[in-house]
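Student: I'd like to ask some things about the structure below.
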Amino acid sequence: MTSKNNTSIFLFLLTVFVFFSCKNDVVKIKTKEESKVGSLFTMQPYELNFPEIKTSEKKKLQNTIQTFYNDNYIPNDFSGSFLVAKNGHVVYECYRGMSNFEQQKAITKETPLHIASLSKILTATALFLLIDSKKITLDQKVNTILDDFPYPEITIRTLLNHRSGLRNYSYFTDKKTIWNQKNTLQNSDLITVINKNKIDLEYKSDTHFSYCNTNYAFLASIIEKITKMNYTDAMSELIFKPLKMKNTFVFDLKHKDTVSQSYKGNKVKYGFNYLDAIYGDKNIYSTPRDLLKFDLATYNPNFLNKKLIAEIYKGYSYESKGTRNYGLGIRMMEWEDGKKMFYHNGWWHGNTASYFKLKDEKTTLICISNKYTRSTYKIKLLSSLFGKYPYELKSKNDSLE
């Protein structure tokens, strides 16, 4: 055999090897029927098919974000996680501080932190999957699902968009005549407590927006009733496992000494209290890397049907003028020029969290802290680096350009 033939065969085999190697690296998009647990659709991973940002552009972004981080987080002795991604690729991330200051456990990219009300996005997504699986409908009355639910006018939609009129459970269970705070409040207690104490709605259902954690505590109960699984297992089966969110879980009080702890701004630790077992509205621990996997999965063409997606990403509350609104499980900003921003913030004890989904730019901004600071929410200012958002980055040294 000639040298020329040997070369041709070698190049052919090399091409075949490279082809199959690359093919194995691509996440196969399953059909909706393939991504099921029993009769329920689950989420499935997705990689945005876009190239990484050019090296020069990425370096410029990293320098700008680093300056922003140094100015806004270092002076506050920030303790937590910070990530910016574009097209599914991490542009910048930083992990500092301690998940447990007493034991000097450093926060890393694999350290789960309490994401507070960012949990609502995940709870809402589980509901969307149940709707897409035709197990429930968006406008179904809650009392057709939860036994003894006392408000016949409330629907799943009005729980999701905070227009139900429910009172916040923390505002009536803090009274000794209603709940003994020596006992831990559970989701399963809420209907009994409400009925026993004749807790009325705060306002007529679906007349205006009022952010209320009780909405999402009941959504968690609906998930349990429909899936016949506890909330922890349902979230794992529908979302966490399929997306390989290995550092994400629902908190259980029996693990209170091993999870990341929560601190005041002066590093005094918050103790757990009688409200720390309620889930759906809070109590999920996660990492920016895991939340990025979730964010990317929402771009999957098989995520949900288009009609349902349209219902999620639209505003429902226009009683008051302004740019702020709420969709289904997601906050939003709407400007007069038609530009929209989708996000959610969180705060529980000393934990603060912020997630921004810049849909038009395929950009993700995530910040989580376990030591109280409002700096967490400043990450939204970085949106102006990626699109025409009305925020201005300021540097002490004016060196952002």
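Only the coordinates and a few stated rules stand behind these numbers; no lab work does. None of the values given here were measured: they were computed from a predicted structure. Ideal geometry is used to build each Cβ from the backbone, glycine not excepted, and the neighbour counts take in all protein chains shown.
Student: Limited to the range 72-115, what total is found for residues that are aliphatic (A, V, I, L, M), surrounded by 15 or more Cβ atoms within 10 Å (Cβ to Cβ) and in a loop (DSSP other than H, G, I, E, B)?
Tutor: Result for the range 72-115: 2.
Student: With assigned to a loop (DSSP other than H, G, I, E, B), surrounded by fewer than 16 Cβ atoms within 10 Å (Cβ to Cβ), without any contact (Cβ under 8 Å) to a residue 24 or more places away in the chain and out of contact with any Gly (no Cβ under 6 Å at 6 or more places or on another chain) as the only criterion, which of Asn266, Asn273 stands out?
Tutor: Asn266 is the lone residue from the list that is assigned to a loop (DSSP other than H, G, I, E, B), surrounded by fewer than 16 Cβ atoms within 10 Å (Cβ to Cβ), without any contact (Cβ under 8 Å) to a residue 24 or more places away in the chain and out of contact with any Gly (no Cβ under 6 Å at 6 or more places or on another chain).
Student: Kindly provide the set of residues from the range 121-154 that are surrounded by fewer than 16 Cβ atoms within 10 Å (Cβ to Cβ), hydroxyl-bearing (Ser, Thr, Tyr) and within 21 Å of Ile191 (Cα to Cα), ordered by number.
Tutor: Thr144
Residues are listed down the side, and each one gets a yes or a no for (1) in contact with a Leu (Cβ under 6 Å, 6 or more places away or on another chain); (2) among the aliphatic types (A, V, I, L, M):
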site	(1), (2)
Asn300	no, no
Lys314	no, no
Asn325	no, no
Met341	no, yes
Phe356	yes, no
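Student: I'm trying to understand the selection: among the residues of the range 237-259, which are touching a Phe, Trp or Tyr at 6+ places or on another chain (Cβ under 6 Å) and either among the charged types (D, E, K, R) or more than 16 Å from Ile115 (Cβ to Cβ) (or both)?
Tutor: Lys256, the sole residue that qualifies.
Student: Just name the residue that is nearest to the chain's Cα centre (by Cα) out of those in the range 318-352 that are of a type in the set (Ser, Thr, Tyr) and surrounded by fewer than 17 Cβ atoms within 10 Å (Cβ to Cβ).
Tutor: Thr323
Student: Can you name the residue in the range 99-114 that is free of Cβ contacts under 8 Å to residues at least 60 places away in the same chain and touching a Phe, Trp or Tyr at 6+ places or on another chain (Cβ under 9 Å) and is also farthest from Thr248 (Cα to Cα) among such residues?
Tutor: Ala106
Student: Separate question: Yes or no: Thr227 farther than 30 Å from Phe82 by Cα, surrounded by 19 or more Cβ atoms within 10 Å (Cβ to Cβ) and in contact with a strand residue (DSSP E or B) (Cβ under 9 Å, 6 or more places away or on another chain)?
Tutor: It is true that Thr227 is farther than 30 Å from Phe82 by Cα, surrounded by 19 or more Cβ atoms within 10 Å (Cβ to Cβ) and in contact with a strand residue (DSSP E or B) (Cβ under 9 Å, 6 or more places away or on another chain).
Student: Separate question: May I ask you to list the residues in the range 40-68 that are hydroxyl-bearing (Ser, Thr, Tyr) and either at positive phi or within 22 Å of the chain's Cα centre (by Cα) (or both)?
Tutor: Result: Thr42, Tyr46.
Student: In the set Asn63, Asn49, Asn70, Asn76, which member is polar (S, T, N, Q) and in contact (Cβ under 8 Å) with a residue 40 or more places away in the chain?
Tutor: Asn76
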